[in-house]
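Quick notes on the structure that follows.
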Amino acid sequence: MKPAITFMPEGKTVSVRQGTSVLDAARRAGIPIKTRCGGKMGCLMCKVTQLSVGGLSESGEQERRKLAGLAEQGVRLACQAKVIGDASVEVPEDPLKSAVRRLLAKQAEEDDLW
């Protein structure tokens, strides 16, 4: 049985072969995770937060060093974390989408005042 990984906040789940990177699993699920280095741990753009206990491979020394204190908070690099069992991760919102969402919320709030 293939392990499944769920991507939040979208709630999309995809089954993958054991050992598949979270980045590759996200691509299969149609979840965009930005990366500039092509998954070689060079850009540090593919950060995700592990929501479930277990399910992902242990982070290596190099990944822990690059993430500094973030690793203790459950942050992983999607290019380095491998799916080894059922898991769930949170993908940060795209900065542009976040900015647009905030502007729309502010506009709606201002419209309510009139």
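The values are calculated or read from the model by the stated rules, or taken from the named source; none is laboratory data. What you see is a predicted model; the values in this text were computed from it and never measured. Using ideal geometry, Cβ is built from the backbone for each residue, glycine included, and neighbour counts are taken over all protein chains shown.
Some values worked out for this structure:
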item	result
Residue within the stretch 91-114 that is modelled with pLDDT under 90, under 21 Å from the mean Cα position of the chain (by Cα), charged (D, E, K, R) and surrounded by 12 or more Cβ atoms within 10 Å (Cβ to Cβ) present	yes
In the stretch 25-57, residue surrounded by the most Cβ atoms within 10 Å (Cβ to Cβ) [restricted to those that are charged (D, E, K, R), over 14 Å from ASP94 (Cβ atoms) and touching a residue at least 12 places away in the same chain (Cβ under 8 Å)]	ARG28
Residue selected from the stretch 58-85 under the condition polar (S, T, N, Q) and surrounded by fewer than 18 Cβ atoms within 10 Å (Cβ to Cβ), by the criterion nearest to PRO9 (Cα to Cα)	GLN73
Search result, residues across the stretch 39-75 that are under 15 Å from the mean Cα position of the chain (by Cα) and of a type in the set (Gly, Ala, Ser)	GLY39, SER52, GLY55, SER57, SER59, ALA71, GLY74
Pairs with Cβ under 9 Å, 6+ apart, first in the stretch 60-79 and at positive phi, second among the hydroxyl-bearing types (Ser, Thr, Tyr)	GLY74/THR49
Qualifying position, being farther than 21 Å from LEU67 by Cβ and touching a helix residue (DSSP H, G or I) at 6+ places or on another chain (Cβ under 7 Å), among LYS12, LYS2	LYS12
